[in-house]
Structure formats: structure tokens, C-alpha cells
1. Go through the range 91-103 and count every residue that is assigned to a helix (DSSP H, G or I), touching a helix residue (DSSP H, G or I) at 6+ places or on another chain (Cβ under 8 Å) and surrounded by fewer than 19 Cβ atoms within 10 Å (Cβ to Cβ).
2. Under the condition of being under 16 Å from the mean Cα position of the chain (by Cα) and not in a helix (DSSP H, G or I), which residue from the range 227-260 is surrounded by the fewest Cβ atoms within 10 Å (Cβ to Cβ)?
3. Of the residues 134, 149, which single one is buried (at least 18 other Cβ atoms within 10 Å of the Cβ), assigned by TED's automatic domain parsing to the domain that holds residue 189 and in a loop (DSSP other than H, G, I, E, B)?
4. Only one residue in 8, 60 is in a helix (DSSP H, G or I), at pLDDT below 80, farther than 30 Å from residue 235 by Cα and outside the structural domain of residue 179 (by TED's automatic domain parsing), so which one is that?
5. Hey, any hits in the range 188-205 for a residue that's part of a helix (DSSP H, G or I) and at pLDDT below 90?
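The values are calculated or read from the model by the stated rules, or taken from the named source; none is laboratory data. Nothing here was measured: the structure is a model prediction, and the numbers come from that model. With ideal geometry, Cβ positions are generated from the backbone for all residues, glycine too; neighbour counts draw on all protein chains shown.
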């Protein structure tokens, strides 16, 4: 046997040692991993996708690029197609890393072109109408505006993380990942808001039983309807705050830090760096209506 033949034989032997799994088994293992490591929402999104894929690819031992492309091209929305393609790529990569598959059939499939819609930012007059209609929950929503926080960050904000001139927001990208912290300067209006809030327990905003809120999307939708304004989301409040900071001349780096973006490209590209510090930036954020 020549050296070339020996190398070829060795490669074939290694191939034979690799574990072969049916697609349904790969999916089952992937979901078990996601349930432990990722958020419940992300797990459910993958579970819904995988249920559909199992019906199509079921007991197949081999799934090729064409199979994936046919599935992705069957989606009516390019946005949804791209979202599912990303999850499919991660599904197969999970199997490749564990030697259940030799290659990832979706690896080199490019995302579909998407025309990005401009994010809706409610005008200030709608924000004011919203806050008036929010009633007793007004301070909750104003805190989101004056911190540019995510809904979940405010829901789980504790009094122990509120200091005289700043507060600490905490977020977790995945279930088993470390908490990421960032400091947000407290401007005069936010300071007034926090001073008015009753301390019912460890959380700044909580239910009557002291437990933190989970999701308040229905509350927000109801307030928009009551105020007679176009419906917007919690994330729109972050965009509103970021746009006001940009108008005030805040630098990209300061707004990026306040929003908690890991990459500058995530922060809106129209923001320009003009040299203001974080504290000065937060002091420039205001709604022209008393809280």
C-alpha cells in the first residue's frame, strides 16, 4: 500500500467512526440544548420551526443544500425566510460540532435581500398623549424613556441598583450567559420620578405581590388605543430616546453605551459623534411636559 493509499484509507476509517443520526434525532438533541441554554422565547421559536421541518425531512439521513433552499424559497416573507435560515444553519452546525453530520448543508446559503423599513419613531406629541393616558403607569414608561432601557431591564430593575447619580441596568443574552451590566446616569427628571415611587419590595416596578412584571405589551397597546394614537412598541421608546439624543448632538459612542449595543453598527447610522459625555447626553434628554 502506498502512502497516498494509506492516507485515503485512514480518512475513510475516520468517516466510518462518525455517528450517524436521523434528522429527527438531531432536532430532538438541539431542542434539549436550547431549553437549557437559551431563553424560553428563542426555544419556542426553534421548536415551532423544527416541528415543521421534521414533517418535511422526517427520517432522512441526508439533507442537502437544495433541500434547504427549496424550503427557504417557499417562505412568502424574505424577513421570515432569513430568520428561519439562521436557525437552520445553527441547527446543522450544532450537529456538525458533535460529529453527527459531516457538513452543514445550509452553511453557504446567503440571506435573501430585504428592503429595510424605517423604524417607526412616534412624534413627541404622541409620546405626551401616551404618558397622559398611561395614568398610574406613567412613571414606568417615563423611566424607559429616560434610561433608554429594554422592557425586561426595567421590569427587573432592583432598588439596590439605583444610586444617587446613576443606576445599573442588567441584561442576559441567553439563559446560561452572564449578566451584562451598564451604568446609566440619572438626570433631574428621572431622579424626581424615582423619588416619587413607593418601595413595595426589592424591585422598582412590581406587581402587588412584589413579583416583577414579565411582559406588558398588552398594557402598552391599550394605552395607545385609549390615547387615540398610532400603536407603537416598547422598542419605539428606545428609538425615540436615541433620536432625541442624536438631535441634541450626542456622539455615537455615548448613545451606543447607553443603549447597551455591543456593536456600533447596531446603533442607528445617522447618529454622529460630536464630543458630548454620557452624563451631558442624558441631561439633554427631555420631554417637554412635567412628569
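1. Total meeting the criteria: 1.
2. 233
3. Values: 134 fails: in a loop (DSSP other than H, G, I, E, B).
From the options 134, 149, the qualifying one is 149.
4. Details: 60 fails: in a helix (DSSP H, G or I).
When all the criteria are applied, what remains is 8.
5. As a first pass, look at the range 188-205 and keep what is part of a helix (DSSP H, G or I): 188-196.
In the following step, the residues that additionally are at pLDDT below 90 were identified as none.
Scanning the range 188-205 turns up no residue that is part of a helix (DSSP H, G or I) and at pLDDT below 90.
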